[in-house]
Amino acid sequence: MNWKTFFIVAAVYDLVLGAVFFLAYGPIWELLELELPNNIAYIHLTAAFVFVQGVGYWIVARNPSANRGIVQMGIAYKFAFAALSFYYLAIGELLHWTFLVFGILDVLFLIGFWWFLSQVREEPAT
């Protein structure tokens, strides 16, 4: 597995997703036929967090074995989003099926992150 390429894909996914939801939340919510929250900060804060996750994966792509901690944090993030999307689906309160797709994709990234951690050892400190 080419881990640099994998983490570039993970980075681009979150960078684009975060930027698009930050900048174009209005048309996206309209397309999904969702009512905007009473405060746009909810969308902006979440989108910014997703974007920053993408920055982290870009850092990992530059030197995967030296940045395992970012990958461990990525597992926590991907698990949290996926678990919440499945939970809200189960109780019938998921905003839109699109968020389930994001949850499923996050599970796939989570599996890739775990696989990376099981295959690549940390570089010794110099």
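Quick look at the values:
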| item | result |
| --- | --- |
| Residue within the stretch 115-123 that is in contact with a helix residue (DSSP H, G or I) (Cβ under 9 Å, 6 or more places away or on another chain), surrounded by 14 or more Cβ atoms within 10 Å (Cβ to Cβ) and not in a helix (DSSP H, G or I) present | yes |
| Lone unmet requirement of (1) farther than 27 Å from TRP29 by Cβ; (2) among the polar types (S, T, N, Q); (3) in contact (Cβ under 8 Å) with a residue 12 or more places away in the chain for ASN67 | (3) |
| Scope the stretch 22-69; condition touching a His at 6+ places or on another chain (Cβ under 7 Å) and assigned to a loop (DSSP other than H, G, I, E, B); matching residues | LEU32, LEU34 |
| Pair list, Cβ < 7 Å and 6+ apart or interchain, from the stretch 84-101 residues that are assigned to a helix (DSSP H, G or I) and surrounded by 13 or more Cβ atoms within 10 Å (Cβ to Cβ) to residues that are among the polar types (S, T, N, Q) and modelled with pLDDT of 95 or more | PHE99/SER85; LEU100/SER85 |
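The values are calculated or read from the model by the stated rules, or taken from the named source; none is laboratory data. The structure displayed is predicted, hence computed values, not measured ones. Glycine gets a Cβ as well: all are built from the backbone with ideal geometry, and neighbour counts include every protein chain shown.
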